[in-house]
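The values are calculated or read from the model by the stated rules, or taken from the named source; none is laboratory data. What you see is a predicted model, and the numbers here were worked out from it, not measured in a lab. For neighbour counting, all protein chains shown are included, and Cβ atoms are generated from backbone atoms with ideal geometry for every residue, glycine included. Heads up: the accessible areas ignore ligands, DNA and RNA and are worked out on the full protein's heavy atoms, side chains in. Shrake-Rupley method; radii C 1.70, N 1.55, O 1.52, S 1.80 Å.
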Amino acid sequence: VQLQACGGGLVQAGGSLRLSCAASGSIFLFTAMGWYRQAPGKQRELVADIDSSGRTSYADSAKGRFTIVRDAAKNTMYLQMNSLKPEDIAVYYCYVRLRTDTSWGQGTLVTVSS
């Protein structure tokens with residue numbers, strides 16, 4: 001499975017972005033999928049994920065501002081990010097965990113100006 005992430009860019013504080021992660025190949029038997037991010041000089045952190053039953057979870061920093069959505073018909077996952085803050089600046093990576101391995105997208109940069 002290959003993942004193509006896009007949607008990053010430059011936005012002013014308080015603005016919104018929607019990240020997309022399109023999968024080529026079957027992800028029908030996924031166990032979890034989601035988004036990590038890595039800010040400069042920091043470790044990669046989980047932002048949001050969704051499991052095969054549709055349950056979602058969010059980092060405390062993302063709760064109330066970010067929404068993860070899976071569109072099974074399009075084989076695509078989205079991360080809607082609202083009320084963006086400078087501390088959200090990072091490269092965002094999508095992943096899909098299957099029964100046998102995990103696939104990663106290439107990362108998309110989100111920059112928030114204050």
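Out of all the residues in region 1-15, which are polar (S, T, N, Q) and exposed (fewer than 13 other Cβ atoms within 10 Å of the Cβ)?
Q2, Q12
Is there a residue in region 94-102 that is surrounded by 13 or more Cβ atoms within 10 Å (Cβ to Cβ) and without any contact (Cβ under 8 Å) to a residue 24 or more places away in the chain?
The answer is yes; a qualifying residue exists.
What are the residues in region 103-114 that are open to solvent by 50 Å² or more (accessible area, probe 1.4 Å) and in a loop (DSSP other than H, G, I, E, B), if any?
Start the filter on region 103-114 by keeping residues that are open to solvent by 50 Å² or more (accessible area, probe 1.4 Å), which leaves 104, 106, 109, 114.
Correct list: Q106, S114.
Consider only pairs whose beta carbons are under 9 Å apart and that are at least six residues apart or on different chains; among these, list those whose first residue lies in region 9-31 and is of a type in the set (K, R) and whose second residue is modelled with pLDDT of 95 or more.
Taking only residues 6 or more apart or on different chains, the pairs are R18/G7; R18/Y78; R18/L79; R18/Q80; R18/M81.
Find the residue count for region 60-70, including only residues that are open to solvent by 30 Å² or more (accessible area, probe 1.4 Å) and in a strand (DSSP E or B).
Within region 60-70, residues that are open to solvent by 30 Å² or more (accessible area, probe 1.4 Å) and in a strand (DSSP E or B) number 3.
Under the condition of being under 19 Å from A5 (Cβ atoms) and touching a residue at least 60 places away in the same chain (Cβ under 8 Å), which residue from region 77-90 is surrounded by the fewest Cβ atoms within 10 Å (Cβ to Cβ)?
Restricting to residues being under 19 Å from A5 (Cβ atoms) and touching a residue at least 60 places away in the same chain (Cβ under 8 Å), the top hit is N82.
Could you check region 9-23 and list, in sequence order, the residues that are farther than 12 Å from F66 by Cα and outside any loop (DSSP other than H, G, I, E, B)?
G9, L10, V11, Q12, S20, C21, A22, A23
Tell me which of these A73 doesn't satisfy, since it passes every other one: (1) part of a strand (DSSP E or B); (2) of a type in the set (A, V, I, L, M, F, W, C); (3) open to solvent by 60 Å² or more (accessible area, probe 1.4 Å).
Of everything listed in (1) part of a strand (DSSP E or B); (2) of a type in the set (A, V, I, L, M, F, W, C); (3) open to solvent by 60 Å² or more (accessible area, probe 1.4 Å), A73 misses just condition (1).
How many residues are small (G, A, S), open to solvent by 20 Å² or more (accessible area, probe 1.4 Å) and touching a strand residue (DSSP E or B) at 6+ places or on another chain (Cβ under 6 Å) if we restrict to region 24-58?
Summing the residues that are small (G, A, S), open to solvent by 20 Å² or more (accessible area, probe 1.4 Å) and touching a strand residue (DSSP E or B) at 6+ places or on another chain (Cβ under 6 Å) in region 24-58 gives 3.
Could you list, in sequence order, the residues of region 1-50 that are of a type in the set (D, E, K, R) and at pLDDT below 95?
none
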